[in-house]
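Report on the following structure.
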Amino acid sequence: MDHFRNPRNVGEIPDADGVGTVGNPVCGDLMAMYIKVKDNRIIDIKFKTFGCGAAIATSSMTTELAKGKTLEEASKITRADVAESLDGLPTQKMHCSNLAADALKAAINDYLEKKKVKK
């Protein structure tokens, strides 16, 4: 409940190195995750989520789990990691943690693709 009532890292990073956007058409949740990378490490991360309390809480927790980690470490964050860090989620809300982890992976992939293009 704390991550729903007091979400961390809300907002956008205007000059983000990577952006990941995901959604679930069934429930209507939409997430965008923004990352800033330095020396292969996530130095800043923010999110914008349109969805239920669980979607907001999982987005907030995902940013907390990823901040300061290398890209490789952050890409290994799973929906189970997110749910466990929140002391569990109702079964019908597990898809929310999946979306948050997917948004993080999409932001990392976007960064890696942009990095290839620059070379």
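Of all residues in region 94-117, which are of a type outside the set (G, A, S), modelled with pLDDT of 95 or more and open to solvent by less than 60 Å² (accessible area, probe 1.4 Å)?
The answer is L104, I108, D110, Y111.
Regarding K67, is this residue under 13 Å from the mean Cα position of the chain (by Cα), of a type in the set (K, R), under 17 Å from A16 (Cβ atoms) and at pLDDT 95 or above?
Considered against the rule, which asks whether it is under 13 Å from the mean Cα position of the chain (by Cα), of a type in the set (K, R), under 17 Å from A16 (Cβ atoms) and at pLDDT 95 or above, K67 comes out as yes.
The values are calculated or read from the model by the stated rules, or taken from the named source; none is laboratory data. Please read all numbers here as calculations on a predicted model, not as lab measurements. FYI the Cβ positions are ideal-geometry reconstructions off the backbone, even for glycines, and counts take in every protein chain you see. Each accessible area value is taken on the protein alone, full model and side chains, heavy atoms only, with ligands, DNA and RNA left out. Shrake-Rupley method; radii C 1.70, N 1.55, O 1.52, S 1.80 Å.
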